[in-house]
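Colleague: Below: one structure in structure tokens.
Computed from the coordinates by the stated procedures, all read-outs in this text should not be read as laboratory data. Please read all numbers here as calculations on a predicted model, not as lab measurements. When we count neighbours, we look across all protein chains shown, and the Cβ atoms used for this are built from the backbone with ideal geometry, even at glycine.
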Amino acid sequence: MRFIIATHNPHKLEELRRILRPLGVDAVCDRDLGLSLTEAEETGATFAENAYLKAAAACRESGLPAVADDSGLCVDALSGAPGVYSARYAEPGQRKATLLHRMEQVPEAQRGAHFTSAVCCVFPNGDTVTAEGHCYGRIARACRGEGGFGYDPIFEVEGGKTFAELTDAEKDAVSHRGAALRKFAGRLAEYLNTHKESISC
Ligand code: IMP
């Protein structure tokens, strides 16, 4: 069964492919199909709404079941910012520094933050399968680590390492996206089992 992954982020594409493969899902991106999906506007107020908007647009344009993730970092001391605006917070290349600067005066006990990932699959018949995952941690005082992407170097998890200091497998085991995708994989398998007859992709 072929699904299109509605993302232009190679890290997300790889994580989604890894998790969906054991379900017999052939996860492709628009370029694999010679398509160029329009980037859906993220006008939703929540991660779940934005994931739905991206998946629904990709499903409409490709005619295939489409999976999208919307994710971001919510910082307690900043009233949940950058949240759904994580990808648009400050200029590209300035996001981590801007966040660190705004957190400069915030004491250790108030540096809590969490990542959220909402995953949504939209089928051509309008059905949806969704899941959400979270990872709780804190904002570091400075960037540490070479791995990952986005805010990884400034997000510390249990044990004190940042996401960027973990291996891919270690990050998957504790991350918001890992949690969302594990839940999602279970729900998708259940959906596919009960709709075998009516779905052909
Ligand atoms: P979007 O889901 O494509 O709107 O982008 C979410 C933004 O949140 C990304 O551009 C990253 O800056 C950030 N983000 C989401 N997940 C992660 C992660 O696992 N590590 C670091 N940053 C992330």
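Colleague: Run the numbers for Ala109 and Glu39: contour at 0.36 nm per residue of separation, minus the present Cα-Cα distance, in nm.
Modeller: So the extension gain works out to 21.3 nm.
Colleague: Of Pro10, Val106, Ser71, which is farthest on the positive side of the dipole of the chain, counting Cα position, with +1 on Lys and Arg Cβ, -1 on Asp and Glu Cβ, and the Cα centre as origin?
Modeller: Val106
Colleague: Continuing with this model, one more query. With contacts defined as alpha carbon pairs under 8 Å and 6 or more residues apart, what's the relative contact order of region 1-66 in percent?
Modeller: Relative contact order comes out at 39 percent.
Colleague: Along the Cα→Cβ direction, 7 angstrom out, place labels at Leu192 and Arg17. What is the inter-label distance in nm?
Modeller: It is 1.7 nm.
Colleague: For the pair Ser79 and Thr46, how long in nm is the line joining their label points, each one 7 Å along Cα→Cβ?
Modeller: With each label point 7 Å from Cα toward Cβ, the separation is 2.1 nm.
Colleague: Based on DSSP H assignment, which helices of the chain show an axial Cα extent of at least 24 Å together with a mean Kyte-Doolittle hydropathy greater than or equal to -1.0?
Modeller: Details: long enough: 176-194 (27 Å, -0.47).
Qualifying helices: 176-194.
Colleague: Sort largest first and round to whole Å: the equivalent ellipsoid semi-axes of the chain, each the square root of five times a Cα gyration tensor eigenvalue.
Modeller: Its equivalent ellipsoid spans semi-axes of 32, 17, 14 Å.
Colleague: Could you size up the charge dipole of the chain around its Cα centre, putting +1 on the beta carbon of Lys and Arg and -1 on that of Asp and Glu, and report it in debye to the nearest 20?
Modeller: That gives the chain a dipole magnitude of about 160 debye.
Colleague: Let's test the formula: R0 of 30 Å, r as the Cβ-Cβ distance of His8 and His101. What FRET efficiency results, to the nearest 0.05?
Modeller: That gives a FRET efficiency of 0.60.
Colleague: So, in the chain, how many Lys pairs have Cα atoms under 22 Å apart, if the pair is 8 or more places apart or on different chains?
Modeller: Lysine pairs, 8 or more places apart or on different chains, close enough: 11.
Colleague: Then there's this: Through the Karplus equation 6.51 cos²θ - 1.76 cosθ + 1.60, θ set to phi - 60°, convert the phi angles of region 125-132 into ³J(HN,Hα) values in whole Hz; use x for Gly and Pro.
Modeller: 7, x, 5, 10, 10, 9, 7, 9
Colleague: What number, rounded to the nearest 500 deg cm²/dmol, is the helix-based mean residue ellipticity at 222 nm of the chain, given -39500 (n - 2.57) per DSSP H run of at least four residues and division by all its residues? It would help to have the intermediate numbers written out before the result.
Modeller: Numbers: 5 runs with 61 residues, N = 201.
It lands at -9500 deg cm²/dmol.
Colleague: Residues of region 60-86 with amide nitrogen under 17 Å from the 7 Å Cα-to-Cβ point of Tyr136?
Modeller: 73-80
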